[in-house]
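Heads up: the structure comes next, in structure tokens.
The values are calculated or read from the model by the stated rules, or taken from the named source; none is laboratory data. Note that this is a predicted model, so its numbers are computed, not measured. Using ideal geometry, Cβ is built from the backbone for each residue, glycine included, and neighbour counts are taken over all protein chains shown.
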Amino acid sequence: MNIHKTSPKKPPSILFHGTPLKNVDKIKLIGLLPMSRKYVYLADNFEDAKQVAICYSNKIAILNIDANKHLVKVIYFIMILRLFG
């Protein structure tokens with residue numbers, strides 16, 4: 001495994017999560033969880049989040065995630081993607 005050292009970067013202030021519309025109430029209740037997957041997918045732009053959601057349903061919601069509010073979780077997520085993505 002090659003490990004590349006990079007300088008820490010501040011994530012974008014807004015990240016996006018695309019999901020089928022039927023999931024929105026549950027997300028509001030319990031938050032974004034990976035469920036049966038390993039990770040929650042967060043995009044740095046609306047269109048990428050939309051494309052992911054459309055794979056699962058034609059009725060979708062795009063959630064805006066305040067990365068500054070959830071900075072520790074977002075940094076962990078980004079680090080995992082760099083190691084395994």
Could you tell me which residue of the range 36-64 is nearest to Lys26 (Cα to Cα), considering only residues that are within 10 Å of the chain's Cα centre (by Cα) and part of a loop (DSSP other than H, G, I, E, B)?
Val40
Could you tell me which residue of the range 45-68 is surrounded by the most Cβ atoms within 10 Å (Cβ to Cβ), considering only residues that are among the charged types (D, E, K, R) and farther than 13 Å from Pro12 by Cβ?
Lys50
Those residues that are in contact with a Leu (Cβ under 8 Å, 6 or more places away or on another chain), among the hydroxyl-bearing types (Ser, Thr, Tyr) and modelled with pLDDT of 90 or more, I need them from the range 33-64; list them, please.
Ser57
